1. For F40, list long-range residues whose amide hydrogen, built 1.01 Å from N in the peptide plane, is under 5 Å from its own amide hydrogen.
2. Divide by every residue of the chain the summed helix terms, -39500 (n - 2.57) for each DSSP H run of at least 4, and state the resulting mean residue ellipticity at 222 nm, rounded to the nearest 500 deg cm²/dmol.
3. For region 12-42 and region 71-99, compute the distance between their C-alpha centroids and round to whole Å.
4. Label region 61-123 by shape, choosing from rounded, prolate and oblate, from the square roots a ≥ b ≥ c of the eigenvalues of the Cα gyration tensor; if a/c is under 1.5 it is rounded, and otherwise prolate applies when a/b is larger than b/c, oblate when it is not.
5. Cα gyration tensor of region 110-150, axes a ≥ b ≥ c as square roots of the eigenvalues: rounded (a/c below 1.5), prolate (a/b > b/c) or oblate?
6. Using the Karplus curve 6.51 cos²θ - 1.76 cosθ + 1.60 with θ = phi - 60°, work out ³J(HN,Hα) for each residue of region 133-140 in order, rounded to whole Hz, and write x for Gly and Pro.
7. So what's the net charge close to P54: Lys and Arg +1, Asp and Glu -1, counting the other residues with Cβ under 10 Å from its Cβ?
8. What Rg and what Dmax come out for the chain when only alpha-carbon atoms are used, in angstroms?
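FYI, it's all coordinate maths here, none of it is from the lab. It should be emphasised that the depicted structure is a prediction, and the values quoted were computed from it without experimental measurement. A quick note on method: Cβ atoms are made from the backbone with ideal geometry, for glycine too, and the neighbour counts reach across all protein chains shown.
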Amino acid sequence: MTMFDIDADPAQLRQGIEQFYAWQMQLLDDGKVEPYAQTFAEDGSFAANAHPAPFTGREAIAAAAGKATRALAEQGVIRRHWFGMTSVETTGHSNVVRTRNYAVVFETPRGGAAKLLMSTVFEDVLVRDEDATHGWLVRERRVSRDDLAA
């Protein structure tokens, strides 16, 4: 049994998904936008109430993440995402789960103190993929910032 086996004990399934998220978001926070984009399905989507339209496909997701990463670097700001309160729901399909998470985002300016930037809820549809580095790909991600209208 692997850490991404949907038929695993629910605690093992959750642990594998949390490990996937830790790895995925550290890629983004470290500015590794191409590997980050590879954690999405080829036709995966990223939608957020902070953006007028979803980003669909790895190329669009990498471009958006790259733009944000460059802007933060130019400002001398480090951004960190912290996920928690992860719930995992099996769907009846052998390779698909739904997750719901809280995420907080911190920013630290060079030489300054860290501050809480935003609080969000994000919901994913994850697809098990034996060839993916950590066994999962994001098919669909929806992020809702608490400070913006849904």
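1. Amide H to amide H, under 5 Å and 5 or more residues apart or across chains, F40 pairs with V138.
2. Using -39500 (n - 2.57) per qualifying helix, the result is -9500 deg cm²/dmol.
3. Region 12-42 and region 71-99 have Cα centres separated by 8 Å.
4. oblate
5. Judged from the Cα gyration tensor, region 110-150 comes out oblate (a/c at least 1.5, b/c at or above a/b).
6. Values, residue by residue: 3, 10, x, 10, 10, 7, 7, 8 Hz.
7. Details: positive: R141, R142; negative: E140.
Value of the local net charge: +1.
8. Rg and Dmax of the chain, Cα atoms, are 15.4, 49 Å.
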